[in-house]
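Here the structure comes first, spelled out in structure tokens, and everything after it is commentary.
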Amino acid sequence: MPAVLLSIKAKYANLIISGKKTVEWRKTLPNRKDWDNMVMLYSTKPDGRISGIAKVSRILTVDCYNSKRPSEIKSLSRASTDYTSGTQEPGNSMEELIADGCVPEDDIKKYSRGKRLYAWIIDWVIPVTGDEFSNMVGKHGPQSWQYIDLNESNRKLRDFLKMSGKINEE
């Protein structure tokens, strides 16, 4: 069972852990069929550690039209495709996604450069207070995100999730 190790600025990781930020904006999305939507939040400097474990409930596409130059992007469209279920649906309003993502609309437009973005909708998060998972990361976290395998060598993580009541596993 693979998980995604997601590098995220410390201030945004803290907002996710507090429950205030429930949308993470990304330019790419995981495409492995065996990914079970588990995300390990790697909080970048000054923290430099795994600060939380989250579950992504949906990933929505958000098309940012009109130009590659951010100053000419007029608006963001509504989210339309749920990649976790493969369905076409209206999705959340842009106002909701922007508010829940805790990133100003102008910053989202600049980040997109007129291209498609993905809104990763976070269902739940468990804070990690110690360095118990640092061996899964190595010296530095990934540039954006990477897969990590949650196999027998990561028994500690599975036990942590079971104790939190987030997974049931025999």
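Descriptive notes on the structure:
- Only residues that are touching a Ser or Thr at 6+ places or on another chain (Cβ under 7 Å), farther than 12 Å from Trp145 by Cα and small (Gly, Ala, Ser) were counted in the range 7-56, giving 3.
- Here Cys102 clears all of (1) open to solvent by 60 Å² or more (accessible area, probe 1.4 Å); (2) under 16 Å from the mean Cα position of the chain (by Cα); (3) at pLDDT 85 or above except the condition numbered (1).
- Taking each residue of the range 5-24 that is within 20 Å of Ile59 (Cβ to Cβ) and part of a strand (DSSP E or B) and looking for partners that are of a type in the set (Gly, Ala, Ser) and open to solvent by 10 Å² or more (accessible area, probe 1.4 Å) with beta-carbon atoms closer than 9 Å, six or more apart or interchain, yields Leu5/Gly141; Leu6/Gly141; Leu6/Ser144; Ser7/Gly141; Ser7/Ser144; Ile8/Gly141; Val23/Ala99.
- Those residues of the range 8-29 which are open to solvent by 10 Å² or more (accessible area, probe 1.4 Å) and more than 10 Å from the chain's Cα centre (by Cα), in sequence order: Lys9, Ala10, Lys11, Tyr12, Asn14, Leu15, Ile17, Ser18, Gly19, Lys20, Lys27, Thr28
- Only one of the listed residues (Ser71, Ser67, Ser85) is at pLDDT below 70, among the polar types (S, T, N, Q), more than 13 Å from the chain's Cα centre (by Cα) and part of a helix (DSSP H, G or I). That residue is Ser71.
- Residues located in the range 106-116, provided they are open to solvent by less than 70 Å² (accessible area, probe 1.4 Å) and in contact with a helix residue (DSSP H, G or I) (Cβ under 7 Å, 6 or more places away or on another chain): Ile108, Lys109
The values are calculated or read from the model by the stated rules, or taken from the named source; none is laboratory data. None of the values given here were measured: they were computed from a predicted structure. Glycine gets a Cβ as well: all are built from the backbone with ideal geometry, and neighbour counts include every protein chain shown. The accessibility values were calculated without ligands, DNA or RNA, using every heavy atom of the protein model including side chains. Shrake-Rupley method; radii C 1.70, N 1.55, O 1.52, S 1.80 Å.
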